[in-house]
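Let me begin by presenting the structure, written as structure tokens, before commenting on it.
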Amino acid sequence: MDDLIFFGHKDAPLTTEGNVSQVKKTMDRMAMPYEYLDSPDAIHKRFPVFNREALPSDYVGLVQASSASINVQAAASAFFSAAMKTGRLSVLEKYAVSGLEPSGVPHQNQTYAIYAQSEQDALCIRGRHLILSPGVWADSVLNPLGLHQTRDWKIWQMNYAYWPVKSHDVKIPIWFEFGNLDANDHGTFYGFPPLNFDPSMANRVKMSADYTYDVFDHPAQIHHKVSQRLMKELSGHLSSLLNPQAIHLEQMEDAGTCLYSMSPDGKLVIGRIPTQPCSETFYHGASMCIMESGRAFKYAPLFGRVLVELAIDGKSPYQSDLDIFSPLREGLFN
Ligand SMILES: Cc1cc2nc3c(=O)[nH]c(=O)nc-3n(C[C@H](O)[C@H](O)[C@H](O)COP(=O)(O)OP(=O)(O)OC[C@H]3O[C@@H](n4cnc5c(N)ncnc54)[C@H](O)[C@@H]3O)c2cc1C
């Protein structure tokens, strides 16, 4: 657990991640406690790691004291070992699903055949229930079901890197900066404090920009090359934003990339699988979570439960919360 600060222009237009006033509204609505920092002086006083000169005069901030970073590797391995303990999990590693066929009585008593291929082997798995969470490769499994993601869905290849900590005396919170002036993501940056998840992380911080110059229409275009243009902008911004006593800002390490599967409206898609775009008829016993738009990891336990409920019972007690993420939204599939 750690402090999280959202800060930026008081009236910044909305980005994919919202803006400070929208975060404030949401926290008020949900009665979540926070501390409001009403000026750049207040932000700098609370967290001297942010240089006063780098904060424009209309900057405000919100500090949420009960935030946290998740140890993703440990969480994933806990899920995996809990599932293994049931004795009912088989994992096919290094197999790609190359075909998917519904059969049986449509919409009632459906079964599914999944055709999977490895370099050496091909096999067919049959089941009564189907849950799909294929990331940016959604078309590879949805096309056989008659759904094609529209061209408005995009893959955003994001960049990140690490910097060594110079001194632990200056507190580094989890932070997100809405430095954008227009209604786009340019000017949004974020970072994490040093984390003790493994020895290599205890003395360095991970930071990034929340915008990209690498936007793709198809997984074949993914190249995993770190964007030099973006890293230059990120490094330049960090060296004015952050206190040089805290971080070795000249020593960027281990830059890498990862992928957002970005829906046309920036909201994820979770629900039953329609038999046609926008159709209220669904495949029986099936559900999906796709186009997660860069924000789904923390919901994995909840989404797992919802996906199972939708696949097995065809409904979930969380339905009213799910409506905003409906797979029937216009513009998702053709
Ligand atoms: C820069 C960045 C920052 C993020 N920050 C946050 C955050 O702060 N909080 C948060 O909650 N989330 C965050 N996320 C989002 C989070 O990482 C994703 O939501 C999550 O990893 C998506 O998991 P997934 O299982 O849906 O997809 P993936 O992890 O992409 O997994 C999909 C899997 O399906 C497999 N697959 C696809 N097609 C086939 C096929 N035909 N055959 C066989 N296998 C197939 C793939 O190999 C892959 O293993 C962030 C993501 C990025 C990139």
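The values are calculated or read from the model by the stated rules, or taken from the named source; none is laboratory data. Everything quoted here is computed from the prediction, not taken from an experiment. Cβ coordinates were reconstructed from backbone atoms using ideal geometry, including for glycine residues, and neighbour counts include every protein chain displayed. Calculation scope for accessible area: heavy atoms of the full protein, side chains included, ligands and nucleic acids excluded. Shrake-Rupley method; radii C 1.70, N 1.55, O 1.52, S 1.80 Å.
Indicate the gyration tensor shape class of the stretch 257-324 (rounded, prolate or oblate), computed on the Cα atoms with a ≥ b ≥ c the square roots of the eigenvalues: a/c under 1.5 is rounded; otherwise a/b larger than b/c is prolate and the rest oblate. Taking the square roots of the gyration eigenvalues as a ≥ b ≥ c, the stretch 257-324 is oblate. Between CYS124 and ASP313, full extension at 0.36 nm per residue minus the direct alpha carbon distance yields a gain of 65.5 nm. If I take every Cα pair under 8 Å that is 6 or more residues apart in the stretch 88-129, average their sequence separation and divide by the length, what percent do I get for the relative contact order? Reported as a whole number, the value is 33 percent. Averaged over residues, the count of other Cβ atoms within 10 Å places the peptides 285-296, 122-133, 150-161 in the sequence 285-296, 150-161, 122-133, highest first. Of the beta bridges in the chain, as assigned by DSSP with both residues counted there, near 85 percent are antiparallel. Put a plus charge on the Cβ of each Lys and Arg, a minus charge on the Cβ of each Asp and Glu, and nothing anywhere else: the dipole of the stretch 98-195 about its Cα centre is then about 220 debye. In straight-distance terms, cross-link reach from LYS25 covers every one of the lysines whose alpha-carbon lies under 19 Å from its own, apart from those fewer than eight places away in the same chain; here that gives LYS10, LYS267. With respect to the chain, whose longest principal axis is taken over its alpha-carbon atoms, helix 228-241 is tilted by about 40°. For the options ASP139, ASP41, ASP121, a Gaussian network treatment of the chain with springs between C-alpha atoms closer than 10 Å singles out ASP121 as fluctuating the most. At 1.4 Å probe size, with every protein chain present, just tell me what the per residue accessible area of the chain comes to in Å². With all protein chains present, the chain gives 53 Å² per residue. Kindly identify the stretch 26-80 as rounded, prolate or oblate by the Cα gyration tensor criterion: order the square roots of the eigenvalues as a ≥ b ≥ c, call it rounded if a/c is under 1.5, otherwise compare a/b with b/c, prolate if a/b is larger, else oblate. Oblate is the answer for the stretch 26-80, as a/c is 1.5 or above yet b/c matches or exceeds a/b.
Distance between the modelled labels on SER279 and GLU35, one decimal in nanometres: 5.6 nm (7 Å Cα→Cβ projection). Please report, in debye to the nearest 20, how large the charge dipole of the stretch 1-48 is about its Cα centre when each Lys and Arg carries +1 at its beta carbon and each Asp and Glu carries -1 there. Roughly 120 debye for the stretch 1-48. The protection proxy used here, the mean number of other Cβ atoms lying within 10 Å of each residue, ranks peptides 182-195, 27-40 as follows, highest first: 182-195, 27-40. Normalising the average separation of contacting C-alpha pairs (under 8 angstrom, six or more residues apart) by the number of residues puts the relative contact order of the stretch 111-165 at 21 percent. For the chain, the 222 nm mean residue ellipticity estimated from helices alone, with every DSSP H stretch of n ≥ 4 adding -39500 (n - 2.57) and the total spread over all residues, rounds to -6000 deg cm²/dmol. Here's the list of aspartates and glutamates a cross-link from LYS171 could span, going by alpha-carbon distance under 12 Å and ignoring same-chain residues fewer than 8 apart: ASP2, ASP3. A dipole drawn for the chain from +1 and -1 charges on Cβ atoms has a positive end, and of VAL105, ALA116, GLY256 the residue lying farthest that way is VAL105.
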